[in-house]
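A.B. asks: Sending over a structure as structure tokens; questions will come in a sec.
The values are calculated or read from the model by the stated rules, or taken from the named source; none is laboratory data. Given the structure is predicted, the values throughout are model-derived calculations rather than measurements. Cβ placement follows ideal geometry from the backbone for every residue including glycine, while neighbour counts extend to all protein chains displayed. The protein model used for the area step is the full one, side chains on, heavy atoms only, and it has no ligands, DNA or RNA in it. Shrake-Rupley method; radii C 1.70, N 1.55, O 1.52, S 1.80 Å.
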Amino acid sequence: MEPVDQAAELTWTSPLVDIKVPFEWYRYQGEWNSGSCADVNCGPTAVAMAIQFADNNRWVPIGDIRDQMTGGVCGWTDLDHVRGALDHWGIKHASITGMDAVRAAVNERGHIVIVPVWMSYIPPGSDYLLPYSSPSDRYNRYYEYGLGHFVVVKGITDDGDWVIVHDPNVWEDNGIYRYADRSPK
């Protein structure tokens, strides 16, 4: 499969830069192919999204990425695992530090960014633990988990005050992870 020139196919909306490509690339760690480590697969799922985004919608099972990263052993993954998996699947990447670098990657170069975060630093939103909340409640944390986590930044305002992420921590079974229109939070 030939990689596409992502820059040629990107479109932006204003005032919030939100990268668009002609296919759906969101993945969640509870999807059917996550394997027995689904509850700790945020790193492998972020890598799956990066592969799909960067390589013309190439779909790799999350369980296969987990196997490559840790030999199938369940547990937390780290940035070394993420870099190794991106290398394994031939995805070009660079390490960056700070919001200015994230903003430049997204706004100026049209890249997505895999970001490790401590969820406890993100305050609960108005839809915290609320099943099937309004789709207008698209900010802050909507679940209890407060430890280390990987998210994928796909949009950011020029001032850095608002960031759009694909959060792989979505599950199908309880509405807390879904808006009233059944779209993932």
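A.B. asks: Could you check, for the range 45-54, whether at least one of its residues is open to solvent by 20 Å² or more (accessible area, probe 1.4 Å) and either touching a Pro at 6+ places or on another chain (Cβ under 9 Å) or not basic (Lys, Arg) (or both)?
C.D. replies: yes
A.B. asks: Could you list, in sequence order, all residues of the range 28-41 that are open to solvent by less than 20 Å² (accessible area, probe 1.4 Å) and either modelled with pLDDT of 95 or more or over 21 Å from Val153 (Cβ atoms) (or both)?
C.D. replies: Asn33, Ser34, Cys37, Ala38, Asn41 - these are the residues of the range 28-41 that are open to solvent by less than 20 Å² (accessible area, probe 1.4 Å) and either modelled with pLDDT of 95 or more or over 21 Å from Val153 (Cβ atoms) (or both).
A.B. asks: Search the range 147-183 for residues being β-branched (Val, Ile, Thr) and outside any strand (DSSP E or B), and hand back the single one that is nearest to the chain's Cα centre (by Cα).
C.D. replies: Selected residue: Val170.
A.B. asks: Let me ask you something else. Quick one: how many residues across the range 50-92 are within 18 Å of Asn169 (Cβ to Cβ) and basic (Lys, Arg)?
C.D. replies: 1
A.B. asks: Mind listing whichever residues of the range 131-179 are exposed (fewer than 15 other Cβ atoms within 10 Å of the Cβ) and among the aliphatic types (A, V, I, L, M)?
C.D. replies: Passing the criteria: only Leu147.
A.B. asks: Of the residues that sit in the range 66-125 and are open to solvent by 80 Å² or more (accessible area, probe 1.4 Å) and among the basic types (Lys, Arg), which one is farthest from Met49 (Cα to Cα)?
C.D. replies: Arg109
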